[in-house]
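Participant: The structure under discussion is supplied below as structure tokens; questions concerning it will follow.
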Amino acid sequence: MMEAHPDLKIITPARAVGSPLDLCLGCGTCSAGCPMTGVDGFDPRKMVRLALQGRDRELVESKLPWLCTLCGRCEYACPMGLPIVNLVRAARGLVDRDKVPGQIHRGVAMALETGNNLGLPTEDFEFIIQDVAEELAQEEGFEDFQVDLDKSGANLLCTLHNKLVNTQNEDLVHWWKIFHRAGEDWTIPRENWEGVLWGLFSGDDEAIRIQVGRIVDHMERLEAANLMYPE
């Protein structure tokens, strides 16, 4: 049996306004503003009340935190500015990783191990990028188009959403065309190119730290002036 933190409300990070969960009025405004309220029994006010009552285990082991979309409308509506989204992330972070639903944790683990959520080897990544680039170069007006991986001193460092490399290669072409027409100076890292931080959704702050650290390393190593982030 998983040992939940004895007081979830203590480890829930506060918002900038510093409002603790103890300020909850129980007014239900969060539930009224939530697009998921009533779906499979979901209610943000219930999550807050469980945390305030010290019923951490019940909250963490329930499906409630995983029904939340993290859209933040509950926080926007809350008259006390409670950190409800942070509560959800804190609860998710206390779930055993093998009990995280769906593909989220597997994607996080894959990104930490290989540098991307797909587990795509570097040589396969390079092939896909160059193959799409060569197809674009066949279009009129883009004959001199090319993609420079790991280019030093570029204005833009572009990290990628994994779907652009996996199933939606054509979406790469849209912004590549814009870059080419605008004469933009840009590059893509050859390794650790993933820009989607699934740890945000699984409550894995350490995974986020590692992935963001990789992006920072790219910026410093390649001396890029700006970062283009896919999300």
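Participant: If each DSSP helix of 4+ residues adds -39,500 (n - 2.57) and the sum is divided by the residues in the chain, what number results at 222 nm, nearest 500 deg cm²/dmol?
Facilitator: My calculation for the chain gives -13000 deg cm²/dmol from helical runs alone.
Participant: Computed over the Cα atoms, what is the radius of gyration of the stretch 111-172 divided by 2.2 N^0.38 Å, N being its residue count?
Facilitator: 1.20
Participant: Now for a separate question. What FRET efficiency, computed as 1/(1 + (r/R0)^6) with R0 = 41 Å and r the Cβ-Cβ distance, is obtained for V216 and C27, rounded to the nearest 0.05?
Facilitator: 0.50
Participant: Equivalent ellipsoid semi-axes for the stretch 8-95, as square roots of 5 times the alpha carbon gyration tensor eigenvalues: give them largest first, rounded to whole Å.
Facilitator: For the stretch 8-95, the semi-axes come out at 16, 16, 11 Å.
Participant: Using a 4.7 Å cut-off between beta carbons, which cysteines in the chain end up with no partner cysteine at all?
Facilitator: C24, C27, C34, C68, C71, C78, C158
Participant: Please report the relative contact order for the stretch 51-158, taking Cα pairs under 8 Å with a sequence separation of at least 6, and give it as a percent rounded to a whole number.
Facilitator: 13
Participant: Just need log10 I(q)/I(0) for the stretch 104-228 at q = 0.14, 0.23 Å⁻¹, Debye formula, equal scatterers on the alpha-carbon atoms, no solvent, rounded to two decimals.
Facilitator: -0.61, -1.40
Participant: Same structure, new question: What is the distance in Å between the Cα centroid of the stretch 41-117 and that of the stretch 131-197?
Facilitator: 34
Participant: Could you count how many Lys pairs in the chain have their Cα atoms under 26 Å apart, skipping same-chain pairs fewer than 8 positions apart?
Facilitator: 10
Participant: Under a 10 Å cutoff between Cα atoms, tell me which one of V196, V108, V173 has the largest fluctuation in the Gaussian network model of the chain.
Facilitator: V173
Participant: Further question on the same structure: Normalised by the residues of the chain, what does the relative contact order come to in percent, with Cα pairs under 8 Å and at least six apart?
Facilitator: Reported as a whole number, the value is 19 percent.
Participant: Computed from these coordinates, which is Rg/Rh (Cα atoms, Kirkwood Rh): (1) 0.95; (2) 1.07; (3) 1.04?
Facilitator: (2)
Participant: Using Cα pairs closer than 8 Å and at least 6 residues apart in sequence, work out the relative contact order for the stretch 21-114, in percent.
Facilitator: RCO, the stretch 21-114: 29 percent.
Bear in mind these aren't lab numbers, they're just calculated from the coordinates by the rules spelled out. All values reported here derive from a predicted model rather than from experimental measurement. Positions of Cβ are backbone-derived with ideal geometry, glycine not excepted, and every protein chain shown enters the neighbour counts.
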